[in-house]
Every structure is written in C-alpha cells, then in structure tokens.
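To keep things clear, I will list the structure first and then write my remarks on it.
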Amino acid sequence: MFIVGNAVIDDAVVTSDFCCDLKQCKGACCCIEGGRGAPLEDHEVLEVEKAYLAVKQYLSPESIRVIEQQGLYEGEPGHLATTCIGDRECVFAFFEDGIAQCSFERAYRAGQIVWQKPLSCHLFPLRIRSFGHDHVRYEQISECQAGRTSGTEHQTGLVEFLQNPLVRKYGEQWYSQLTSFDKSERVGNPPV
C-alpha cells in the first residue's frame, strides 16, 4: 500500500492490467448478485432523481415497475445504492444484443443529461471505502476475467483504463501523482 493525497492505494491498483471486454463479460458488473445495486455517494441521489425522466425511455417495463414500487435507490445516507431487480441487476441497466448497459451512460452520450453515471460504476472494478480517508482497492471478481485478459493483451494498466473516472473523483494533479508514484512512498517504506 502507498498514499496519494488523502487516499491509501492498494498495490494491485497500479500493478494490474485491465481493459473491459463487454463482448465477453456481457456487462456483468451491472448484474452482480447480492441484493445491492451500485453504491451511491449521498450527493448523487439528486443526480439520479434529476436524470430519471431522461433514462426512463431506455428501461424495461420490469425496471420501471420495480422503481415505482421500491424507489430509485435504497439505504441510508452514507450507505446508499441503486435499487435492484430480484437482488441482481441494477434497475438502471438495459440490455442491447445481450449485453447489460447503463441507461445513465446512454442518456449522457446522447446529450440528454450532464451527469455520466454513479461514480462507483465509472470506477469499477475499483472500490473506495472511506475510513476518515479513502482506501482504494481493486476488486478482482470472476466476472471480470475477460477484462484482465484484455488488459494484458493490450498492455493497458488498470489505472490507465480508469483515468477518466479517477480524474473525475480526485482531479488531474492527484492522478498525475498516482501514475508517477515512487515505491519508496509506500506505507511502511520510508523514503531512503
């Protein structure tokens, strides 16, 4: 582990290769079993609410029904997540050619909304937990094996692949520090 700004970074974040391969994984990250959808930062709830009318056109009747019955999100401040269908797929996922995709992302690319999608989705497979400071870790799930293979084949590092969401979260200067980290700056290894 090492520190960049106020974030503790697991070594795997900067040493792993990754590049999503949607044709292989079929958008599995939008449909992970477990009963909770995409984690939301408290301020993102307003963005979800504002975007709903624009993204509704992309959603299945089942997604709309679940949203009308259970809401756009669930949980308490500090522990919010998008609602899921049957403890599996996010209600904001839609399927095209058998691949789960994000309705927020689609509306964003069409210029219908200015908010791209929940930051947790944009950063996946990175996960951030806050304990007075952020702890950034790489969540290596079996559903993303194709992304690991693709990253190795294309020689694309995880940090390189996730440049835009990392800059969105922490800024350009922080990202620059992350990509030029010195191993002597790792926690437990004082500079020589």
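Each reported figure results from applying straightforward, stated rules to the coordinates on display, with no laboratory input. Worth saying up front: this structure is predicted, and the values here are computed from it rather than measured. Note that each Cβ is placed from the backbone with ideal geometry, even for glycine, and that neighbours are counted across all protein chains shown.
Each residue of region 6-22 was assigned a 3J(HN,Hα) from its phi angle through the Karplus expression (A = 6.51, B = -1.76, C = 1.60, θ = phi - 60°), giving 9, 10, 8, 10, 5, 4, 4, 4, 9, 9, 9, 9, 6, 7, 3, 10, 4 Hz with x at Gly and Pro. Across region 49-97, Cα pairs under 8 Å and at least six residues apart give a relative contact order of 35 percent. For the chain, adding -39500 (n - 2.57) for each run of n ≥ 4 DSSP H residues and dividing by the number of residues yields -9500 deg cm²/dmol at 222 nm.
Given the choices (1) 39; (2) 54; (3) 29, percent of Cα pairs over 25 Å apart derived from the coordinates of this structure is entry (1). Each residue of region 45-54 was assigned a 3J(HN,Hα) from its phi angle through the Karplus expression (A = 6.51, B = -1.76, C = 1.60, θ = phi - 60°), giving 4, 4, 5, 4, 5, 5, 7, 4, 4, 6 Hz with x at Gly and Pro.
Could you list, in their original order, any pairs among LYS26/LYS169; LYS26/LYS117; LYS26/LYS50; LYS23/LYS169; LYS56/LYS169 whose Cα atoms are separated by more than 24 Å?
Over 24 Å Cα-Cα: LYS26/LYS169; LYS26/LYS50; LYS23/LYS169; LYS56/LYS169.
Modelled label positions at GLU68 and THR149, each set 7 Å beyond Cα in the direction of Cβ, lie 4.2 nm from each other. Here the Karplus relation 6.51 cos²θ - 1.76 cosθ + 1.60, evaluated at θ = phi - 60°, turns the backbone of region 84-101 into coupling constants of 10, 9, x, 6, 9, 7, 4, 5, 8, 7, 9, 10, 9, 6, x, 10, 6, 9 Hz, with x for every Gly and Pro. Amide hydrogen proximity for THR156: with H placed 1.01 Å from N in the peptide plane, the residues at 5 or more positions away or on another chain lying under 5 Å are PHE18.
The alpha-carbon atoms of region 26-119, seen along their principal axes, cover 33, 28, 23 angstrom, with the largest extent given first.
Each of LEU123, LEU53, LEU178 was scored by other Cβ atoms within 10 Å of its Cβ. Arranged with the fewest first, they read LEU53, LEU123, LEU178.
In this structure, the amide hydrogen of ALA100, modeled 1.01 Å from its nitrogen in the peptide plane, lies closer than 5 angstrom to those of GLY27, counting only residues at least 5 positions away or on a different chain. Note on ALA12 and ASP134: the extension gain reaches 42.4 nm, defined as 0.36 nm multiplied by sequence separation minus the Cα-Cα distance.
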